[in-house]
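Undergrad: This is the structure I want to talk about, given as structure tokens.
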Amino acid sequence: MGTKLARTALLLLAVMFFAALALDIAVPALVLCLMALSNRLLLSIDLTGGQHQRGAA
């Protein structure tokens, strides 16, 4: 009975470890994606009022 309990405990420990390992990869990737999207959004907004001057006309 003791070995079954120990195996179950080790299995749960391994599951928690690999779940945390996946989160350690997924959370920074999500943050980087959000930063890239916000950067692209800010760069796509026209803050000059739509009046671009392209040299002498």
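Undergrad: At a 1.4 Å probe radius, which order do ILE25, ILE45 fall into by accessible area, largest first?
TA: Descending order: ILE25, ILE45.
Undergrad: Still on this structure, I have one more. Starting from the residue with the highest accessible area, list ASP24, ASP46 in decreasing order, probe 1.4 Å.
TA: Per-residue accessible area, sorted high to low, gives ASP24, ASP46.
Undergrad: When all protein chains stay in place, what accessible area (Å², nearest 10, 1.4 Å probe) is found for LEU30?
TA: About 110 Å², rounded to the nearest 10.
The values are calculated or read from the model by the stated rules, or taken from the named source; none is laboratory data. Predicted, not measured: the structure shown is a model, and the values here were computed from it. Areas reflect the complete protein model, heavy atoms only, side chains present, ligands, DNA and RNA absent. Shrake-Rupley method; radii C 1.70, N 1.55, O 1.52, S 1.80 Å.
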